[in-house]
Amino acid sequence: MTAKKVLIVTGDAVEALEVYYPYFRCLEEGFDVDIAAPHQKKLNTVIHDFEDWETYTEKKGYMIDSNMTFEQVDPNDYDALIIPGGRAPEHIRMHEDLPGIVSHFFIADKPIAVMCHGSLVLTTIADVVEGRKMTAYHACRPEVESIGAEYMDEMNYVDDNLISGHAWPDLPSIMKEFVKQVKGTTVNS
């Protein structure tokens with residue numbers, strides 16, 4: 001039996017926990033994982049924390065390698081998709097190849113985990129997200145609603161194959177459901 005294949009789409013300024021935790025959790029399950037970004041390079045991560053500010057703070061995090069570009073991705077080769085948050089979604093969503101990649105997973109009904117600001121990527125594919133239910137970091141609620149999705153005011157939410165979370169503290173629940181769904185899928189489903 002071949003290993004399940006998971007695609008992580010991200011870029012510079014990805015939230016460190018939201019890329020590392022899913023990456024290592026998927027490797028732990030024996031999944032093959034590719035990290036795609038606008039450029040194949042060592043990506044800068046950021047650490048968001050909830051301190052005594054009215055919003056999160058941001059510090060420089062670890063580096064992580066992207067092993068392929070968006071142009072190189074054939075979404076048919078993957079069983080599932082992860083979209084981490086941080087500030088990366090703000091700029092990667094503008095890449096011409098990303099909307100087609102992300103749309104594929106919705107249309108093919110493959111598991112999709114979207115964390116925090118990862119919801120911003122979905123603003124480029126409103127036609128396939130309209131009518132879905134999801135959560136995201138509360139500051140992303142206007143974007144979620146602007147694409148015709150229903151914002152769920154919960155820490156994590158599962159709407160069929162769409163697994164969404166508010167922020168990195170919700171990763172255990174998100175990844176538990178994600179792994180369960182990936183184990184139940186096959187490529188080209």
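In what sequence, highest mean first, do 7-14, 93-100, 106-113 appear when ranked by Cβ atoms within 10 angstrom?
With the highest mean Cβ count within 10 Å placed first, the list reads 7-14, 106-113, 93-100.
Just want the answer: with Cβ charges of +1 for Lys and Arg and -1 for Asp and Glu, which residue in PRO99, ALA113, VAL73 is farthest toward the dipole's positive end in the stretch 73-189?
Selected residue: ALA113.
Calculate the FRET efficiency for THR55 and GLU130 from the Cβ-Cβ distance with a Förster distance of 22 Å, rounded to the nearest 0.05. Spell out each step's value before the answer.
Details: r = 29 Å, r/R0 = 1.30.
Here the calculated transfer efficiency is 0.15.
Using a 1.4 Å probe over the heavy atoms of the protein chains, calculate the carbon and sulfur portion of the accessible area of the chain as a whole percent. Present the calculation step by step, with values, prior to reporting the outcome.
On the way: 4280 of 8590 Å².
Ligands and nucleic acids excluded, carbon and sulfur reach 50 percent.
Too long at a 24 Å Cα-Cα cut-off: which of LYS42/LYS176; LYS110/LYS180; LYS60/LYS110; LYS59/LYS176; LYS133/LYS176?
Details: LYS42/LYS176 28 Å; LYS110/LYS180 12 Å; LYS60/LYS110 33 Å; LYS59/LYS176 28 Å; LYS133/LYS176 19 Å.
With Cα atoms farther than 24 Å apart: LYS42/LYS176; LYS60/LYS110; LYS59/LYS176.
Can you give the Kirkwood hydrodynamic radius of the chain from its Cα pairs, in Å with one decimal? Don't skip to the answer; put the middle values down first.
Values: mean 1/r = 0.0622 Å⁻¹.
Result for the chain, one decimal place: 16.1 Å.
Which percent, to the nearest 5, of DSSP beta bridges fully inside the chain are antiparallel? Don't skip to the answer; put the middle values down first.
On the way: 12 of 33 bridges.
Given both bridge residues lie in the chain, the antiparallel proportion sits at roughly 35 percent.
Only Cα pairs under 8 Å and at least 6 apart count here; give the relative contact order of the chain as a rounded whole percent.
Working: 446 pairs, mean separation 39.5, N = 189.
Reported relative contact order: 21 percent.
Please calculate how many Å² of accessible area the stretch 72-189 carries per residue, with a 1.4 Å probe and no DNA, RNA or ligand atoms counted.
On the way: 4790 Å² over 118 residues.
That works out to 41 Å² per residue.
In the stretch 119-189, which GluC sites (Glu not before Pro) are in a loop and have at most 16 other Cβ atoms within 10 Å, using DSSP for the loop call?
Numbers: sites: GLU130, GLU143, GLU145, GLU150, GLU154, GLU177; in loops: GLU130, GLU154.
Of the GluC sites (Glu not before Pro), the ones in loops of the stretch 119-189 whose Cβ has at most 16 other Cβ atoms within 10 Å are GLU130, GLU154.
Out of residues 5 or more away from ASP159 or on other chains, whose amide H comes under 5 Å of its own, with H placed 1.01 Å from N in the peptide plane?
SER164
How big is D, in µm² s⁻¹, for the stretch 131-172 by Stokes-Einstein at 25 °C and 0.890 mPa s if Rh is the Kirkwood radius over C-alpha pairs? Don't skip to the answer; put the middle values down first.
Details: Rh = 10.1 Å.
In µm²/s, the coefficient is 242.
Taking amide H positions as placed in the peptide plane 1.01 Å from N, state which residues far from LEU43 in sequence (5 or more) or on other chains have amide H under 5 Å from it.
Close amide H contacts, sequence-distant or interchain: ILE64, ASP65, SER66.
Can you give the local net charge around VAL179? Use residues other than it whose beta-carbon is closer than 10 angstrom to its beta-carbon, Lys and Arg +1, Asp and Glu -1. Numbers along the way, then the final one.
Values: positive: LYS4, ARG25, LYS176, LYS180, LYS183; negative: GLU28, GLU29, GLU177.
Around VAL179, the charge tally is +2.
With point charges of +1 on the Cβ of Lys and Arg and -1 on the Cβ of Asp and Glu, referenced to the Cα centre of the chain, which listed residue (MET155, GLY11, GLY165) lies farthest in the positive direction of the dipole?
Value computed over the given set: GLY11.
What distance in nm lies between label points placed 7 Å from Cα along the C-beta direction at THR2 and ASP74?
It works out to 1.0 nm between the two label points.
Within the stretch 112-189, report the trypsin sites (Lys or Arg not before Pro) that DSSP leaves as loop and that have at most 16 other Cβ atoms within 10 Å.
Details: sites: ARG132, LYS133, LYS176, LYS180, LYS183; in loops: ARG132.
Counting only loop positions with at most 16 other Cβ atoms within 10 Å, none of the trypsin sites (Lys or Arg not before Pro) in the stretch 112-189 qualifies.
Quick check for me: using +1 on Lys/Arg Cβ and -1 on Asp/Glu Cβ, what's the dipole size of the chain about its Cα centre, in debye to the nearest 20? Can you show the working numbers first?
Values: 16 positive and 32 negative charges, 92 e Å.
Dipole size: approximately 440 debye.
Please go through the stretch 1-90 and write out the trypsin sites (Lys or Arg not before Pro) that DSSP classes as loop and that have at most 15 other C-beta atoms within 10 Å.
On the way: sites: LYS4, LYS5, ARG25, LYS41, LYS42, LYS59, LYS60, ARG87; in loops: LYS4, LYS41, ARG87.
The qualifying sites are LYS41.
The values are calculated or read from the model by the stated rules, or taken from the named source; none is laboratory data. All values derive from a computational prediction rather than experimental measurement. Neighbour counts run over all protein chains shown; Cβ positions are idealised from the backbone, glycine included. Ligands, DNA and RNA are excluded from the accessible area calculation, which covers all protein heavy atoms including side chains. Shrake-Rupley method; radii C 1.70, N 1.55, O 1.52, S 1.80 Å.
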